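Peer 1: Please find one structure pasted underneath; my questions will follow.
The values are calculated or read from the model by the stated rules, or taken from the named source; none is laboratory data. Remember, predicted model here, so these are calculated numbers, not experimental data. Note that we place each Cβ from the backbone using ideal geometry, even for glycine, and neighbour counts take in every protein chain shown.
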Amino acid sequence: MSNTAITVNEKSCVIDDAPDTPLLWVLRDTLGLTGTKYGCGLGLCGACTVHLDGVAVRACQTPLRSVGTKRITTIEGLSSDRSHPIQRAWIAEQVPQCGYCQPGQIMQAASLLAKNPRPSKEEVDEAMSGNICRCATYQRIRRAIQRAAGQKS
Amino acid sequence: MVPRSKLDRREFLKTSTRTAGALILGFYFPLRGQMQEQASGASARIFKPNAWLRITADNQITVLVEKPELGQGSRTYTPMMIAEELEVDWSSIHVEQAPTIASVYQGLRTGGSGGVASTFTPMRKVGAQAREMLVSAAAKQWQAKRRDCRAENGTVVHIPTNRRLSYGELVEVASELPLINPDEVSLKVPKDFRYIGKPLPRTDVPSKVDGSAAFGIDVRVPEMLFAVIARCPFFGGKLQSFDPAAAKTVPGVRAVFPVPPLPRHFNTRGGVAVVARSTWAAIQARKALVLKWDNGSGSSETTASLRNQIVQRAAAPATFVAVDRGDALEVLAGATKKLEAFYESPFQPHATMEPMNTTVHVRDKEIEVWSPTQFADEVQDEIAKLSGFPLDQVIVHMTLSGGSFGRRYQWDYAAEAWQVAKEMEKPVQLLWTREDDMQHDFYRPYNYQRLSGAIDDRGGLSAWSTRVVTTPIAGSNLYTGFTESPETLNDPAAIAALEWYGADIAPYSIPNFRLDYAPADSVVPRSWWRSVSSSYTVFARECFVDELAHASGRDPLQFRLDLLAGKSPQAARLRAVLELAAKSAGWGTPSPKGRGLGLACRFGDSCSAQIAEVSVDDGGMVQVHRVVSAVDCGIAVNPDGVRAMTEGAINFALTAVLTGEITIKNGAVEQSNFHDYQVLRINRAPEVEVHIVPSIEEPSGVGELGAMLLPPAVANAVFAARGVRVRRLPIDPQLLKHSQS
């Protein structure tokens with residue numbers, strides 16, 4: 001095992017997992033940050049979405065060694081009190097059903113709004129179509145993103 | 001230990017298919033002695049009038065929820081029902097999942113869209129019983145007349161003097177009172193409802209936006225290990241030999257050992273378990289296993305071979321005649337104008353976002369289980385049976401589930417987790433990878449239906465016959481659960497509930513009707529899938545009504561309304577939802593070019609009509625733009641919950657209509673993950689509009705309602721847009737590629 005230093009939710013940690021371990025399992029099994037979910041292991045469903053320097057990536061496709069000095073943000077670190085505009089909008093629109101995919105959806109949506117504060121419906125659909133929700137809360141996701149976009153302006 | 005009253009199979013079938021009304025399952029008011037015993041050790045100042053409610057001296061109100069939370073809202077509708085009668089502020093209630101104490105909680109399960117209906121009266125009584133006792137306590141404390149006291153917003157008021165005591169202040173006195181019989185308390189009438197019928201926010205949503213909601217896969221206990229199992233890819237095959245040497249060299253691996261398949265009832269498939277210090281290490285080590293399988297007798301099955309057999313079964317003599325009103329076969333034989341059509345839909349997986357998993361810790365005198373299950377008390381029962389531990393030494397924590405759709409009514413994955421954990425001293429979480437989950441599911445049956453209809457001289461329907469062929473759930477080669485194959489294949493009630501429910505045309509008034517059934521063999525395990533048989537029977541029935549309407553030169557809405565002209569209350573409810581959906585969707589006004597509207601309706605304890613608006617692109621791809629749904633589910637306890645379930649069910653079914661299909665080759669599933677089993681994504685999700693019919697009738701379920709209507713609504717809309725009949729799902733774009741709008 002080798003030691004890899006990473007920064008997760010503004011905390012520095014030293015990880016002794018193999019460097020090719022996907023960040024997903026480092027977060028979940030080593031650090032106990034279980035908000036980031038396993039869904040497919042192939043980057044197909046978006047349930048494991050986290051931010052690297054504010055940009056959405058699939059943690060299941062991100063080897064530990066590739067993280068370097070980039071700051072990792074997980075759902076637990078998006079805000080300390082559900083106050084991120086996306087989280088507030090998710091509550092207002094009552095988006096989640098089972099809720100399993102929602103941390104990934106929220107991290108993807110937060111990354112979208114950071115880049116594009118006023119996305120059109122088409123831009124929302126394009127940015128969010130890598131994230132599967134089997135309960136199919138899609139229209140509430142659209143509404144919540146538009147609501148958050150409105151609040152931010 | 002009080003023996004568990006097992007859920008009777010027939011009762012389950014009834015609830016799972018809504019052929020019976022509300023069924024009260026496992027509802028139990030424990031004796032005071034038992035409750036006091038449980039309270040010891042905690043604060044003595046807790047009022048526990050029944051097993052579902054605790055009120056503390058500092059005004060903490062805790063509701064214990066019987067039904068699992070799978071996304072359908074049990075942790076919201078249950079406290080709503082209790083708060084309504086308890087007369088407390090909604091925000092003052094805390095929610096906990098009820099524990100597996102077999103002598104007290106006997107209904108820790110949900111299925112068949114039955115959660116709201118089965119708890120509506122019992123849970124209101126829970127609140128009412130407590131309220132009445134708190135009022136009595138206040139009257140006693142004040143030495144006042146009971147009729148001068150009234151419960152109001154977490155307090156009791158003495159009306160003549162306007163004195164007030166909070167529920168917390170009444171806990172001690174109330175705890176000393178004799179229990180009031182909950183069946184003798186009066187319940188509110190709907191016009192007085194304060195919460196029921198209002199769209200309240202879900203109690204679990206905050207935890208689902210900050211990552212704190214803990215699903216089965218998120219269980220973390222000290223020193224736990226992580227495991228996966230390599231299973232035989234061929235249904236009916238088994239492990240022949242394996243070499244663990246390379247796997248054992250993967251860093252972090254703790255153990256590699258064979259796991260035998262458990263007998264039919266448990267339906268585990270056996271294989272080789274790999275236990276490691278992380279999930280990733282277990283997955284890597286599994287890849288390094290050298291495995292030799294005995295492919296078994298089913299390895300010649302392919303989707304094509306199964307289809308050949310099924311098509312033959314559609315023409316063969318019926319195994320079993322389900323309904324025979326009038327003389328449909330004779331009228332059809334003599335009819336001058338008749339129609340025949342074949343409808344088909346394939347195996348479907350549940351593909352819940354959270355794959356199957358369970359965590360088990362086997363200790364000397366206790367087994368602790370954390371499972372995302374729809375059926376916690378059965379998991380407890382089965383693991384007790386397997387292990388030989390007494391029931392009360394098997395503790396099952398029912399975690400949140402990341403979707404279910406019928407899959408988590410099986411206990412195979414919990415039994416497997418116990419098989420692995422009993423070999424280890426530490427707790428073990430068994431995870432199914434996405435590939436395991438996609439390839440070892442219990443699938444929605446493959447089905448094929450032949451429908452025939454005769455049109456009389458005046459354009460009315462004189463006869464209808466339906467042959468249903470399925471790879472049955474009853475008699476499934478692996479699945480036995482409630483239906484105890486193979487003898488259930490001779491049980492008309494089981495066949496009705498599991499295989500053809502939804503195919504009956506009543507209350508459409510057609511004088512001659514026959515429905516019969518023939519099973520087909522397959523090695524593929526089958527089970528319930530959101531809306532069970534209605535997921536295919538309603539597709540065929542509602543598409544065929546549409547075909548007959550067009551053959552008679554009639555508008556499909558008016559044609560249905562005429563078939564529903566009878567005086568039965570069900571026909572009236574159905575006319576109402578049809579008219580509401582039609583009005584809301586603009587039925588009868590010309591569609592924009594290239595678009596078409598399609599209609600379908602469903603009758604049962606919940607009635608609904610659905611209209612889909614679609615277009616078809618040059619490549620033959622169908623886009624569903626909008627779905628309008630009218631729902632009559634009695635009292636909509638949480639209208640926003642009804643809307644959410646309907647939106648979700650419609651989009652869930654759309655996967656099976658547009659893209660999703662499980663195919664078989666060499667007795668194994670060909671698909672493995674979301675690249676080859678394509679699930680609906682946001683870019684193809686329609687806007688869904690839900691219109692709820694106001695009602696004061698008892699509530700009925702909606703979890704599956706939208707799912708059964710979407711396929712025929714879309715298929716009928718495609719016909720309206722392109723003049724091509726879709727009779728097989730998922731829709732093949734080649735069928736529509738050269739069609740004209």
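Peer 1: Does the range B:109-117 contain at least one residue that is in contact with a Pro (Cβ under 7 Å, 6 or more places away or on another chain), touching a residue at least 60 places away in the same chain (Cβ under 8 Å) and either surrounded by fewer than 23 Cβ atoms within 10 Å (Cβ to Cβ) or closer than 21 Å to B:VAL205 by Cα (or both)?
Peer 2: So far as the range B:109-117 goes, yes, one or more of its residues are in contact with a Pro (Cβ under 7 Å, 6 or more places away or on another chain), touching a residue at least 60 places away in the same chain (Cβ under 8 Å) and either surrounded by fewer than 23 Cβ atoms within 10 Å (Cβ to Cβ) or closer than 21 Å to B:VAL205 by Cα (or both).
Peer 1: Here's a follow-up. Can you say whether B:SER278 is surrounded by fewer than 16 Cβ atoms within 10 Å (Cβ to Cβ), outside the structural domain of B:PRO68 (by TED's automatic domain parsing), polar (S, T, N, Q) and touching a residue at least 40 places away in the same chain (Cβ under 8 Å), as far as the supplied structure shows?
Peer 2: no
Peer 1: Residues that are in contact (Cβ under 8 Å) with a residue 60 or more places away in the chain and either basic (Lys, Arg) or outside the structural domain of B:PHE375 (by TED's automatic domain parsing) (or both), at least 2 per element: which strands (runs of 3 or more DSSP E) completely within the range B:129-238 meet that? Break it down stepwise before answering.
Peer 2: Working: elements: B:149-152, B:155-158, B:163-166, B:225-230.
Strands (runs of 3 or more DSSP E) meeting the threshold: B:149-152.
Peer 1: Please specify each residue of the range B:584-605 satisfying the condition of being in contact with a strand residue (DSSP E or B) (Cβ under 7 Å, 6 or more places away or on another chain) and farther than 20 Å from B:VAL545 by Cα. Before the answer, list the steps.
Peer 2: The first filter runs over the range B:584-605 and keeps only residues in contact with a strand residue (DSSP E or B) (Cβ under 7 Å, 6 or more places away or on another chain), leaving B:584-585, B:587, B:591, B:594-602.
B:SER584, B:SER591, B:GLY594, B:ARG595 - these are the residues of the range B:584-605 that are in contact with a strand residue (DSSP E or B) (Cβ under 7 Å, 6 or more places away or on another chain) and farther than 20 Å from B:VAL545 by Cα.
Peer 1: Quick check on my filter: what residues within the range B:604-624 are out of contact with any His (no Cβ under 9 Å at 6 or more places or on another chain), hydrophobic (A, V, I, L, M, F, W, C) and buried (at least 23 other Cβ atoms within 10 Å of the Cβ)?
Peer 2: B:CYS607, B:ALA609, B:ILE611, B:VAL616, B:VAL622, B:VAL624
Peer 1: Next up: Collect the residues in the range A:53-74 that are free of Cβ contacts under 8 Å to residues at least 60 places away in the same chain, part of a helix (DSSP H, G or I) and within 11 Å of chain B (Cβ to nearest Cβ), keeping them in residue-number order.
Peer 2: A:CYS60
Peer 1: Condition (residue is of a type in the set (Gly, Ala, Ser) and at positive phi) applied to the range B:655-672: is it met by at least one residue?
Peer 2: yes
Peer 1: Would you confirm, using the coordinates I've provided, whether A:VAL50 is crowded, with 18+ Cβ neighbours inside 10 Å, in contact with a helix residue (DSSP H, G or I) (Cβ under 9 Å, 6 or more places away or on another chain) and within 11 Å of another protein chain (Cβ to nearest Cβ)?
Peer 2: In short, yes.
Peer 1: Does the range A:25-42 contain at least one residue that is aromatic (Phe, Trp, Tyr) and either more than 20 Å from B:ALA351 (Cα to Cα) or more than 11 Å from chain B (Cβ to nearest Cβ) (or both)?
Peer 2: We begin by selecting, within the range A:25-42, every residue aromatic (Phe, Trp, Tyr); these are A:25, A:38.
If we keep only those that are either more than 20 Å from B:ALA351 (Cα to Cα) or more than 11 Å from chain B (Cβ to nearest Cβ) (or both) too, we end up with A:25.
Yes.
Peer 1: Going through the range B:546-573 one residue at a time, which ones are crowded, with 18+ Cβ neighbours inside 10 Å, in a helix (DSSP H, G or I), touching a Lys or Arg at 6+ places or on another chain (Cβ under 8 Å) and in contact (Cβ under 8 Å) with a residue 40 or more places away in the chain?
Peer 2: B:GLU547
Peer 1: Counting only residues that are within 14 Å of the chain's Cα centre (by Cα) and either surrounded by fewer than 19 Cβ atoms within 10 Å (Cβ to Cβ) or of a type outside the set (A, V, I, L, M, F, W, C) (or both), how many does the range A:99-128 have?
Peer 2: Pass one, the range A:99-128, residues within 14 Å of the chain's Cα centre (by Cα): A:99-114, A:127-128.
Now restrict to residues that are either surrounded by fewer than 19 Cβ atoms within 10 Å (Cβ to Cβ) or of a type outside the set (A, V, I, L, M, F, W, C) (or both): A:99-100, A:102-105, A:108, A:111, A:114.
Here the count works out to 9.
Let's see how each residue does on (1) touching a strand residue (DSSP E or B) at 6+ places or on another chain (Cβ under 6 Å); (2) within 14 Å of chain A (Cβ to nearest Cβ); (3) over 26 Å from A:GLU93 (Cβ atoms):
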site	(1), (2), (3)
B:ALA636	yes, no, no
B:ASP640	no, yes, no
B:GLU647	yes, yes, no
B:VAL724	no, no, yes
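Peer 1: In the range B:53-111, what residues are of a type in the set (Ser, Thr, Tyr) and assigned to a helix (DSSP H, G or I)?
Peer 2: Those that are of a type in the set (Ser, Thr, Tyr) and assigned to a helix (DSSP H, G or I): B:SER74, B:THR76, B:TYR77, B:THR78, B:SER91, B:SER92.
Peer 1: Could you please find all residues in the range B:250-288 being within 33 Å of the chain's Cα centre (by Cα), at pLDDT 95 or above and among the polar types (S, T, N, Q)?
Peer 2: B:SER278, B:THR279
Peer 1: Of all residues in the range B:701-720, how many are buried (at least 24 other Cβ atoms within 10 Å of the Cβ) and either free of Cβ contacts under 8 Å to residues at least 24 places away in the same chain or among the small types (Gly, Ala, Ser) (or both)?
Peer 2: Summing the residues that are buried (at least 24 other Cβ atoms within 10 Å of the Cβ) and either free of Cβ contacts under 8 Å to residues at least 24 places away in the same chain or among the small types (Gly, Ala, Ser) (or both) in the range B:701-720 gives 7.
Peer 1: Could you please let me know if B:VAL321 is out of contact with any Asp or Glu (no Cβ under 8 Å at 6 or more places or on another chain), β-branched (Val, Ile, Thr) and either not assigned by TED's automatic domain parsing to the domain that holds B:GLY236 or not in a helix (DSSP H, G or I) (or both)?
Peer 2: No.
Peer 1: Report the residue count in the range B:160-217 for those that are at positive phi and within 14 Å of another protein chain (Cβ to nearest Cβ).
Peer 2: Residues that pass the stated criteria total 1.
Peer 1: Being farther than 15 Å from B:LEU431 by Cα, within 14 Å of another protein chain (Cβ to nearest Cβ) and outside any helix (DSSP H, G or I) narrows it down to one residue among B:HIS350, B:HIS397; which is it? Let's see the steps before the verdict.
Peer 2: Numbers: B:HIS397 fails: within 14 Å of another protein chain (Cβ to nearest Cβ).
Criteria check complete, one pass: B:HIS350.
Peer 1: Could you figure out which of (1) more than 7 Å from every other protein chain (Cβ to nearest Cβ); (2) in a helix (DSSP H, G or I); (3) in contact with a helix residue (DSSP H, G or I) (Cβ under 7 Å, 6 or more places away or on another chain); (4) not acidic (Asp, Glu) isn't true of A:SER111?
Peer 2: Here A:SER111 meets the rest and fails (3).
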